Amino acid sequence: MTRAEQIAANLAEVRARIAAAARAAGRPPESVRLLAVSKKMPADDVRAAIAAGQRAFGENYAQELRDKSALLGADSTPPEWHFIGPLQTNKVKYVAGKVALLHTVGSSALLDAIEARGAAQACLVQVNVAGEASKSGLAPADLPALLDRFAALKHARCEGLMLIPPRGDARPHFAALRALRDREAAIARPNVDLRELSMGMTEDLEVAVAEGATIVRVGTAIFGPRPT
């Protein structure tokens with residue numbers, strides 16, 4: 001089996017997992033989008049996934065995203081890029097206005113840097129539900145203030161929430177994010193439409209779908225282990 005054939009087979013298996021999880025949760029499979037995490041993978045792997053019907057890809061590093069976008073942007077079917085890694089304010093220029101969705105807004109300073117680029121940008125707020133010192137993201141108590149900040153902006157808008165849970169049982173963290181979303185979605189704010197929940201990866205996507213994920217971020221199950 002060629003590398004491209006393996007990626008296509010892996011994608012089919014992941015899509016089947018998502019569809020089964022959605023049906024088990026009483027949801028239509030199309031209510032969950034698959035984001036193929038292509039960080040550290042070569043452009044040809046992205047092309048193979050596109051040939052197998054995948055459209056959206058997630059990158060963790062701003063300069064890698066810049067380089068891959070340049071390589072693949074002229075292809076007949078260019079990828080839809082999402083940024084899913086921690087983003088420093090000095091790297092915003094590589095991302096803002098250039099991705100379909102920026103998943104990792106976790107501070108007012110970062111949001112202001114995105115807004116200052118002057119380009120329309122859909123964002124998710126990354127919430128650190130577990131309060132892990134090693135993880136980026138906003139404390140749940142600080143979420144309302146950041147959403148209020150979005151409401152005052154012209155270019156950046158918030159389309160939902162994102163979470164990277166601690167290792168172990170992810171379900172309570174997924175459930176907590178959904179509860180936060182439901183609470184804040186009941187408050188009308190300009191530029192804020194909390195329809196997306198980006199949560200769940202290779203090992204826990206079924207649990208994430210059961211708890212309401214609309215986007216699952218899967219890398220290893222599609223592309224295999226990443227190069228170190």
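Listed values for segment 97-103 are Karplus-derived 3J(HN,Hα) couplings in whole Hz (6.51 cos²θ - 1.76 cosθ + 1.60, θ = phi - 60°), namely x, 10, 10, 5, 8, 9, 7, and x replaces Gly and Pro. For segment 3-222, the C-alpha radius of gyration divided by 2.2 N^0.38 Å, with N the number of residues, is 0.98. Find which of VAL92, ALA170, GLY106 sits farthest along the positive direction of the dipole of the chain, computed with +1 on the beta-carbon of Lys and Arg, -1 on that of Asp and Glu, about the Cα centre. Checked the options; the winner is VAL92.
Could you work out the local net charge near ALA170, counting Lys and Arg as +1, Asp and Glu as -1, over the other residues with Cβ closer than 11 Å to its Cβ?
Numbers: positive: ARG167, ARG171; negative: ASP169, GLU203, ASP204, GLU206, GLU211.
Charge balance near ALA170 sits at -3.
Scanning the chain for GluC sites (Glu not before Pro) in DSSP loops with at most 15 neighbouring Cβ atoms within 10 Å leaves 1-131 as the longest stretch between them.
The lysine pair count for segment 3-222, using Cα distances under 26 Å and pairs eight or more places apart or on different chains, is 20.
Using amide H atoms built 1.01 Å from N in the peptide plane, name the residues 5+ places from THR104, or on other chains, whose amide H lies under 5 Å from its own. Placed amide hydrogens put LEU124 under 5 Å from THR104.
Restricting attention to segment 148-228, which trypsin sites (Lys or Arg not before Pro) occupy a DSSP loop and are surrounded by at most 10 other Cβ atoms within 10 Å? Kindly include the intermediate steps, with their values, before the conclusion.
On the way: sites: ARG149, LYS154, ARG157, ARG167, ARG178, ARG181, ARG183, ARG195, ARG217; in loops: LYS154, ARG167.
Those satisfying the criteria are LYS154, ARG167.
Cβ-Cβ distance of ILE187 and MET1, R₀ of 41 Å, FRET efficiency by 1/(1 + (r/R0)^6): the value works out to about 0.20. With K and R counted +1 and D and E -1, the other residues having a Cβ less than 12 Å from that of ALA119 yield a net charge of +4. As a length-normalised measure over Cα pairs under 8 Å and 6 or more apart, the relative contact order of segment 3-222 settles at 20 percent.
When Lys and Arg each count +1 and Asp and Glu each count -1, what net charge do the other residues less than 13 Å away from GLU211, Cβ to Cβ, add up to?
That works out to 0.
A helix-only calculation puts the chain at -11000 deg cm²/dmol for mean residue ellipticity at 222 nm, using -39500 (n - 2.57) for each DSSP H run of at least four residues, averaged over all residues.
Any read-out appearing in this document is the output of simple, stated calculations on the displayed coordinates, not a laboratory observation. For clarity, every value in this text was computed on a predicted model and none was experimentally measured. Quick reminder, even Gly has a Cβ in these numbers, built from the backbone with ideal geometry, and neighbours come from all protein chains shown.
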